[in-house]
Every structure is written in C-alpha cells, then in structure tokens.
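Readers should treat all values here as calculations from the given coordinates under stated rules, not as data from a laboratory. Please read these numbers as outputs of a predicted model, since none were measured by experiment. Cβ atoms come from the backbone with ideal geometry, glycine included; neighbour counts cover every protein chain shown.
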Amino acid sequence: MTAIPSTRPKITYATAQIDNEQLDLEYEAGLAAIRATLGEHLQNVVGGREVDSAQSSAKQSPIDGAQLGTFALATELDVHAAVGAARSAFPAWSRRPWQERVAILRRAADLLGERQMQLAGLLSLEVGKNRLEAIGDVEETIDLIRWSCRMVEQSDGFDRPMGNLGDATVHTRSVLRPFGVWAVISPFNFPFALAGGPAGAALVAGNTVVFKPSSDAPLSAAHLTRVMRDAGVPDGVFNLVMGPGETVGAALVDDPDVGGVVFTGSFEVGFGLYKRFARTYPKPMIAEMGGKSPSIVARTADLDEAAEGILRSAFAFGAQKCAANSRIFVERSVHDDFVRRLVEKTEKITIGDPTRRENWLGPLISARSVGRYETAVAEARRDGRVYIGGERLSDAGLESGYFVEPTIVGGLSHEHRLLRDELFVPFTAVVPVDSVDQALDFANDHILGLTAGIYSEDKSEIDEFLARIEAGVVYVNRRAGSTTGAWAGAQPFGGWKGSTATGRGSGGYYYVQQFMREQSRTIVD
Ligand code: SIN
C-alpha cells in the first residue's frame, strides 16, 4: 500500500463531523484502495511464517453480507507453536536497549499513519464504523502506541537508583523488567485500538506477543500484524492466531508459557479467563470487561448540552462500545423536557451504509446482536414504553445488513434487566429520579464501573458526583460525549469494580508499567 500524503486535521471520538473535503477524499481513496485487496485468504503468523490450517472461516461485511475474505482457524497446536515462537524470541527482544524498541514501535505508529485511510476504509467494511469512527480507531491506535513509547522514554526505561542507607559501597537500582510472552485478546469493536494499543505497550516494555483477535475482525488483525512486521518487529516477537475464544483463546490462556494476558471484552468472558489464568499461581491479567455506563441529568443542567452529549455516547457506532451510555438518570422536574430534546435529536440520526459520508450510524456487527436488540425492545414494550426507535431496518439497500433504529425507552425501574445487562446495541433507558443523590445511588448500584457522566450547573452537586461515583472515567458537562470518547494522553481509559482487573487506564500514566515486574538489584563494591 502506498502512503497518501496529507495535512489532516486530528480526528478523535469527540470529533462531531468532518468539515474537510480533503479528508473525505482521502478516506474515499483509502476505501477504494482497500476494496481492491479484498478476497484474500488470511493465515496465522507464527515465528514470522504464515501458517495455514485445515479449517477456515469466511468474514462477511455487516453492511451487506459481502464476503471480504477467509481466514485460517488456528488449532491448539498452532497456538502452542505461536507461544513457543514468542518464547524463543523473548530473550533477544527483551535484552535490546529500550531505545531500540521505542524506535521500532514509533515506526509502527508512523506506518499506521501512512496507511490510516485504507485501514479506516477496512474498518467501515469489516465492522461497520462510519468514517469518523473508523479514522478515529486508527488514530487512537497511533496515539496509544506513541503514549506507551513516551512513558518508557520519560522514565528512562524504568531503571532508577535507590538509596544505600549511608554505605557508599552499595549500589541498588529498581528496574522494571518484562514478564515474557503476553497474550493480547481483543474484541471486534475497536479492532486496531484495542489490539495495537495493548500490544504496543506489551512490546515496548520488552515482552513478546501472541495476538488473538475477534473472529469478527480478522482482516484488521492481519493488517496490524503486517504493520508490526513492516516496522521491524522481529520474527516471533508478534504472532497471530485466529479463531474462536472457546478454543483458541482458551488454549492461549492455558499455555503455561504465557506470562500475562491483556483482554478486552465482556465481564463473563473476562472474569472466566481471569480465574482460569491464575490456575497454577497468580499471573498478571489486564482486563477491561465492559460497562453499563450511567449519566445523570440534574435539574440545573443545560439540557441541550446534556441531550447532545448523551445522544453521542448512547448511539455512536450503535453503542457497540463498553463505555456506551445505556442508563440515564434525570431529575423529575426536567425529565419530560430532556426526553423531548433527546428524541428530537435522535430523529435526525442518519442510518445506512457507513462508508457513505451522509450516514452517521451503520449496522450492528451480527445477526446475534440484532436478536439481542429485538429481545430488548420486546421487553421494553412489555414492561415500559419505547419513546423512539425499536425497529430493524430493511429498506432497499439495507436488507442484507444488520441495521436497527436507535432506541430510547422509559418506564423501567433501575433494577430492570435492561438496565443491568450490557446489551451492546443502540438502546438506552431513561429513569426519572427524585434527586442527584438518588441518581448516584442508582448509578453505583451495578457490578460494573467503567465510565459515567453528569450534567449540572451546581458546583456542590458536581463535587458530590466526583466524590461518590464508582467509575474509572468520569465526565462533567461534556457535549462531546457523556460517557465515551476517552483518548490516550487526554483521558486514561479503564474502569473500577467488575469493569477491570487492575484499575489502571490505557493511555494514562500507570498503564505500561503493568507489563513489567520490578527487580531490585543490589551490587556491592
Ligand atoms: C470503549 O471502549 O467503550 C470506547 C472508549 C471510549 O469511547 O471512551
């Protein structure tokens, strides 16, 4: 792929629209370029070699069912071979000066930048992201990798002198050292950011990686693997094994030579892996395990700001984000006014082929997601009311994809299943409350604690929210998104409670160190 030179504006998840014709043209050129490459048979990558398998699977676009390619399903033997390759590559990679690893990972970030528009086009086709979300996913990956490089550099490779208790013959250093082989298990919703970000951190810290992507995003995974190779990551340092979590993911986590796991996905799967991984002795697992993110609208709120921020977090990318805003607690006196504004804004959402500039909302990832949506809507109709939405779309041009209407419901208690389960579909519920205090009780009454937001003009209410809310990422009066839109170096992204295994956010000051363990080295003259 050739680089397309440009002076692009920075696109993040907080960017509302592309007001830049050049960017649109570049995205369209990238999309055309990637379309020309479709239809490949993708293989696993073990020790730098492409490895095929007797079994394969096809990947279809959620937009129209078109086949994008096929991919080899790794066997258990492939997984263990990949771990073996990563283990063999570890001594040389970990002993390289950290400056060399930083340079290689920065090259990977640069290559992602050069290929950004093709990769964004691929994301639209493969998982249904609109052009802004797709460009943002690649941009975030670049920034996550660069952030980890910066953290290592700023800390001088995490090699620091300690005291000597007054004895000048004693020299002690605290050194952070890598663990060995890390499994990177990533979801479909941010195929680059939630794979390249964690993998970049693991690698720059000196570990080697076996990467297991979601089976819904194998093409992105193959492209990320090529970026690593082209950046100069040596053979065996970054390996790819594709296939279902139940077989490939499980084999990876069960392999005794895997020293750490970084996982993003559901609570059920993540917590299961967490317990499974610690079978012989405690080993590090960094996990981001979903959310049921609440926002609170106080009677003092700017309701227009609140409605816009909540709409963006409730429906962007069909709410297929762990941080999606699925619970909204609104003070009773402004409830109806707020719902009216949110419904009015929702009516204006354009739904359709996400590769087209005019469409903000694309399809869901799969028929299973549509089924989950339809069940939720039926339950909301039975137990409460649907303010807007609730239908699958099958108009001309949409009939072969997984398109549904963004849906706002009411009349459900905060304890209703629809306000407990992570649905991962564009479905959000509004609940009236007596006070911000009660809203905080309801918001915190959940096992997950990823992100949360509040809209209020009352400083004491905001202080109370910040003191009491149980979430790892919180936003106050944010029009760009009530609960979503975290960015490396700007908002570290990680949860509390059941949303996390470690409580330290990616893109923050305490992330990359988790891929290392401390060695205290005392040398006496
Ligand atoms: C997510 O993983 O849910 C997206 C992160 C964000 O938008 O803050």
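Condition (residue is surrounded by fewer than 23 Cβ atoms within 10 Å (Cβ to Cβ), among the hydroxyl-bearing types (S, T, Y), out of contact with any His (no Cβ under 7 Å at 6 or more places or on another chain) and in a helix (DSSP H, G or I)) applied to region 331-340: is it met by at least one residue? Scanning region 331-340 turns up at least one residue that is surrounded by fewer than 23 Cβ atoms within 10 Å (Cβ to Cβ), among the hydroxyl-bearing types (S, T, Y), out of contact with any His (no Cβ under 7 Å at 6 or more places or on another chain) and in a helix (DSSP H, G or I). In region 280-301, which residues are out of contact with any strand residue (DSSP E or B) (no Cβ under 8 Å at 6 or more places or on another chain) and either in a strand (DSSP E or B) or touching a residue at least 12 places away in the same chain (Cβ under 8 Å) (or both)? Passing the criteria: T280, T300.
Within region 377-386, does at least one residue satisfy the condition of being in a helix (DSSP H, G or I), of a type outside the set (D, E, K, R) and within 20 Å of A66 (Cβ to Cβ)? No; the residues of region 377-386 include none that is in a helix (DSSP H, G or I), of a type outside the set (D, E, K, R) and within 20 Å of A66 (Cβ to Cβ). So, D437, is that one outside any loop (DSSP other than H, G, I, E, B), free of Cβ contacts under 8 Å to residues at least 24 places away in the same chain and not aromatic (F, W, Y) or not? It is false that D437 is outside any loop (DSSP other than H, G, I, E, B), free of Cβ contacts under 8 Å to residues at least 24 places away in the same chain and not aromatic (F, W, Y).
Scanning region 490-525 for residues that are of a type in the set (D, E, K, R) and closer than 18 Å to P284 by Cβ yields R504, R517, E518. If I ask for residues that are surrounded by fewer than 24 Cβ atoms within 10 Å (Cβ to Cβ), touching an Asp or Glu at 6+ places or on another chain (Cβ under 9 Å) and not in a helix (DSSP H, G or I), which ones from region 237-272 would you list? Once the filter is applied, which keeps residues that are surrounded by fewer than 24 Cβ atoms within 10 Å (Cβ to Cβ), touching an Asp or Glu at 6+ places or on another chain (Cβ under 9 Å) and not in a helix (DSSP H, G or I), region 237-272 yields G265, S266.
Take the conditions (1) closer than 19 Å to G128 by Cα; (2) away from the ligand (no atom under 16 Å from the Cβ); (3) out of contact with any strand residue (DSSP E or B) (no Cβ under 6 Å at 6 or more places or on another chain); A222 misses just one of them, which is (3). Among the residues of region 261-291, those that are among the small types (G, A, S) and within 16 Å of the ligand (Cβ to nearest atom) comprise G265, S266, G270, A287, G290, G291.
All of L311, L219, L224 fail the test of being closer than 19 Å to R49 by Cβ, touching a Leu at 6+ places or on another chain (Cβ under 9 Å) and of a type outside the set (F, W, Y), apart from L224.
Scanning region 341-369 for residues that are aliphatic (A, V, I, L, M), under 25 Å from A306 (Cα atoms) and part of a helix (DSSP H, G or I) yields a total of 2.
Residues are listed down the side, and each one gets a yes or a no for (1) surrounded by fewer than 19 Cβ atoms within 10 Å (Cβ to Cβ); (2) of a type outside the set (F, W, Y); (3) closer than 22 Å to D137 by Cβ:
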{"residue": "N477", "(1), (2), (3)": "yes, yes, no"}
{"residue": "P492", "(1), (2), (3)": "no, yes, yes"}
{"residue": "T502", "(1), (2), (3)": "yes, yes, no"}
{"residue": "Y509", "(1), (2), (3)": "yes, no, no"}
{"residue": "Q513", "(1), (2), (3)": "yes, yes, no"}
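Quick grid of which residues meet (1) under 21 Å from R479 (Cα atoms); (2) among the aromatic types (F, W, Y); (3) buried (at least 16 other Cβ atoms within 10 Å of the Cβ); (4) more than 22 Å from the chain's Cα centre (by Cα):
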{"position": "E422", "(1), (2), (3), (4)": "no, no, yes, no"}
{"position": "T428", "(1), (2), (3), (4)": "yes, no, yes, no"}
{"position": "D434", "(1), (2), (3), (4)": "no, no, no, yes"}
{"position": "Q438", "(1), (2), (3), (4)": "no, no, yes, yes"}
{"position": "F442", "(1), (2), (3), (4)": "no, yes, yes, yes"}
{"position": "I447", "(1), (2), (3), (4)": "no, no, no, no"}
{"position": "S456", "(1), (2), (3), (4)": "yes, no, yes, yes"}
{"position": "S460", "(1), (2), (3), (4)": "yes, no, no, yes"}
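The residues in region 302-344 that are hydroxyl-bearing (S, T, Y), out of contact with any strand residue (DSSP E or B) (no Cβ under 8 Å at 6 or more places or on another chain) and within 15 Å of the ligand (Cβ to nearest atom) can be counted, and the count is 0.
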